[in-house]
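J.: Structure in structure tokens, see below.
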Amino acid sequence: MLYYLTKRLGLSAVVIGLVVLVLFSLLHFIPGDPATIALGPRATEEAIARYAEKMHLNEPVWRQFLIYIGNALTGDLGLDVFSDRPVTAIIMERICFTLALVGAGMGWAMLLGIPLGCLAAVKPNSWLDRVTGVLSVGTIAVPSFLVSIWALLIFAVQLRWLPAIGAGEPGQIGDQLMHLILPAFAIGLSWVGYLARMVRASMLEVMGENYIRSARAFGLQPRRVIFGYALRVAILPTITLIGMGFGGMISSTVFAEIIFARPGLGKLIFDAVMARNFPIVQGAVLVATGLYILVVLFSDILIAWFDPRVRESL
Amino acid sequence: MSENRSEPVTGIPAVDASGLPDHVTETEIRESAARERREKLRSFLTNWQGLTGLILVTAFFASAIFASWLAPYDPNALDVPARLSGPTLDHLAGTDQLGRDTLSRILYGGRVALKIAAIGVSVALTIGLTLGMIAGFGPRWLDSLLLLIFDTVRSFPTIVLALATVALTGPSLTVVLAIVIITSIPQYARVARTATLTLRNTDFILAERSLGASMTRTLLHHVMPNVVGPLLILAAMDVPVVVTVEAGLSFLGLGVTPPTASWGTILNEGYLVIRDAPWMVIAGGIPLILTTLGFTFLGEALRDIFDPRMGKGR
């Protein structure tokens with residue numbers, strides 16, 4: 001286990017390092033002087049010189065890279081071009097909205113998808129199984145950003161049941177929850193399909209195993225056999241799927257945040273790209289990827305914890 | 001060559017090179033192969049998912065190719081007096097803010113989607129196939145290196161990568177295409193690699209090698225024909241992803257540049273006037289859903305028939 005952990009952590013560190021390198025090169029690949037690009041064409045000579053000094057732009061590139069890494073490690077991601085506030089503080093303000101959205105979206109998808117897949121596998125070819133099958137293909141095929149737009153149209157614009165934009169008044173939990181429903185629905189919908197289908201497939205496999213037959217033969221309650229024995233094993237590939245799919249989740253979160261004007265990380269990145277606010281782009285993309293790598297790492301460790309075969313294979 | 005890398009087989013059935021029983025003649029083999037083909041065709045035609053998929057996909061190709069004949073108006077022709085008109089006999093899907101006919105724009109938007117899908121998928125498939133075969137056939141260190149790269153690329157949240165790139169280059173179709181290609185190479189490569197690994201030590205490949213065939217010849221003439229099948233199925237399943245990424249990026253204003261019509265830009269323009277002209281986001285979304293559903297249905301039906309072991313289990 002320790003060996004596995006070390007190896008897995010090392011791999012994640014390498015990937016993070018690559019991401020930092022790419023992000024850092026971002027500014028240096030574009031032709032022109034980074035200070036002029038960051039401050040815009042109308043900046044004064046003086047301002048450019050000050051900016052260059054502050055950002056260590058007069059140093060050789062490799063020193064700049066090391067400085068950036070050093071700062072990033074201590075949590076300093078530079079300053080916002082427009083407001084001059086630390087990027088880290090801005091990201092911290094926004095990240096809770098994204099985490100809440102991802103959590104809520106994944107949460108309802110799991111609550112619905114996993115039992116659905118289970119039930120479909122327990123009674124294969126029943127009407128429930130057929131409905132689940134069609135439903136999963138349908139929800140997987142529909143792009144999440146379209147779900148966002150249509151949900152906005154139906155529930156917010158036409159029916160006016162739910163608020164359309166923003167994240168709710170700060171401090172008012174009820175209001176914030178109301179604002180969470182539509183985006184969470186939109187990003188979770190295709191996951192209901194993924195999860196139901198994945199759980200169904202692995203459940204079908206596990207239900208055919210000998211030890212399940214033995215458990216049944218011993219007269220255990222069907223519910224205990226299904227949830228206590230079969231699902232525990234069948235859930236493993238699903239955990240991997242959730243971990244791997246987190247990148248897709250981040251993508252759909254970006255769309256949902258933009259469509260519902262929710263002030264999360266995705267909206268922050270998008271606005272910064274539009275305004276060509278590079279320190280924010282750099283920092284926020286780094287945090288988003290870091291978050292993603294962390295989730296994948298966590299799901300891998302969870303799998304290794306559950307399944308000794310995985311531990312030995314890496 | 002006795003090195004044996006065990007790997008879960010997800011690709012094509014292993015090639016059985018063992019001799020046939022003496023009493024089986026060649027005609028009998030041909031007949032049974034033909035019977036099997038007919039069987040597969042019949043099971044495809046009686047599969048409602050596959051048939052629906054085929055119809056939708058055909059409609060997608062036809063409407064994109066014949067867009068200039070089918071479209072009632074020039075997609076960029078302005079008709080300001082009729083702006084934001086709802087669905088009428090003149091404009092079946094209404095008009096946008098500049099009075100352009102939405103139906104014509106949808107038809108022309110299909111061309112963009114088709115172009116991206118065709119180029120993106122075929123280039124990604126070719127590169128993925130090549131890299132995958134090299135990884136499966138080459139030395140171990142190369143295999144590990146390529147795997148690491150595939151995992152890193154695949155794990156990167158697509159939209160975040162796209163946002164970061166567009167921040168530098170500005171919106172363009174080429175960037176969308178490049179992102180689509182880079183992010184979908186790994187899945188082709190992985191499947192090709194697994195299939196190649198299982199072929200690597202089969203008798204007919206070993207025989208070919210011992211006759212002195214070069215690696216290029218072995219790969220091109222003997223490995224590739226056995227590997228390419230599952231990749232084609234994967235390609236059908238990849239089209240929805242590609243089309244969605246294009247529409248999504250264009251929706252964000254990061255893909256095709258105005259006034260070119262794309263399903264994403266139609267949705268974007270519709271989103272801006274969602275309160276006054278809800279039919280635009282409805283009309284813009286329907287072709288997107290039909291296309292993704294069509295390719296998903298088709299891909300799944302093909303997979304279930306030709307390659308039951310791939311994907312969802314059974």
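Bear in mind that the values in this text are calculations on the coordinates, not laboratory data. Values in this document were obtained by computation on a predicted structure and should not be read as measured data. Using ideal geometry, Cβ is built from the backbone for each residue, glycine included, and neighbour counts are taken over all protein chains shown.
J.: Which listed residue (B:Pro230, B:Ala117, B:Ile286) has the Cα farthest towards the positive end of the charge dipole for chain B, taking +1 on Lys and Arg C-beta and -1 on Asp and Glu C-beta about the Cα centre?
T.: Sorting the options by dipole projection puts first B:Pro230.
J.: Once the piece of chain linking A:Arg232 and A:Ile154 is laid out straight, how much longer is it, given 0.36 nm per residue of separation minus the C-alpha distance between them?
T.: So the chain would gain 24.2 nm between A:Arg232 and A:Ile154.
J.: Please report the spacing between the Cα centers of region B:44-73 and region A:142-168 in Å, no decimals.
T.: So the two Cα centres are separated by 30 Å.
J.: OK, next. What's the local net charge at B:Ile134, with K and R +1, D and E -1, over the other residues with C-beta under 10 Å away?
T.: Taking every other residue near B:Ile134 into account, the sum is 0.
J.: Using only the alpha-carbon atoms, what does the protein assembly as shown span along each of its principal axes? Please give whole angstrom values in decreasing order.
T.: For the protein assembly as shown, the Cα extents along the three principal axes come out at 89, 66, 60 Å.
J.: If I fit a long axis through the Cα atoms of helix B:158-169 and take the longest principal axis of the Cα atoms of chain B, what angle between them do I get, 0 to 90°, rounded to 10?
T.: So the helix axis and the longest Cα principal axis differ by about 60 degrees.
J.: Next up: Is it possible to state the helix-based mean residue ellipticity at 222 nm for chain A, with each DSSP H run of 4+ residues giving -39500 (n - 2.57), the sum divided by total residues, to the nearest 500 deg cm²/dmol? What is it?
T.: Mean residue ellipticity, 222 nm, calculated: -25000 deg cm²/dmol.
J.: Okay, moving on. With only alpha-carbon atoms in the gyration tensor, what are the semi-axes of the equivalent ellipsoid for chain B, in Å, largest first?
T.: Working: eigenvalues 397, 120, 38 Å².
Ellipsoid half-lengths, sorted descending, are 45, 25, 14 Å.
J.: Shifting gears a bit: Shape call for region A:167-307 from the C-alpha gyration tensor, a ≥ b ≥ c root eigenvalues: rounded (a/c under 1.5), prolate (a/b greater than b/c) or oblate?
T.: prolate
J.: Once every DSSP H run of n ≥ 4 in chain B is given -39500 (n - 2.57) and the sum is divided by its residues, what mean residue ellipticity at 222 nm do you get, rounded to the nearest 500 deg cm²/dmol?
T.: Values: 11 runs with 208 residues, N = 314.
It comes out at -22500 deg cm²/dmol, rounded to the nearest 500.
J.: A further question follows. If I fit a long axis through the Cα atoms of helix A:127-141 and take the longest principal axis of the Cα atoms of chain A, what angle between them do I get, 0 to 90°, rounded to 10?
T.: Helix A:127-141 sits roughly 10 degrees off the main axis of chain A.
J.: Considering Cα pairs under 8 angstrom that are at least six residues apart, work out the relative contact order of chain B and quote it in whole percent.
T.: Relative CO of chain B lands at 28 percent.
J.: Moving on to the next point. For region B:220-314, state what percent of all Cα-Cα pairs lands in each successive 10 Å bin, counting from 0 Å until the bin that includes the largest distance.
T.: All Cα pairs considered, the percentages come to 16, 33, 24, 18, 8, 1, 0.
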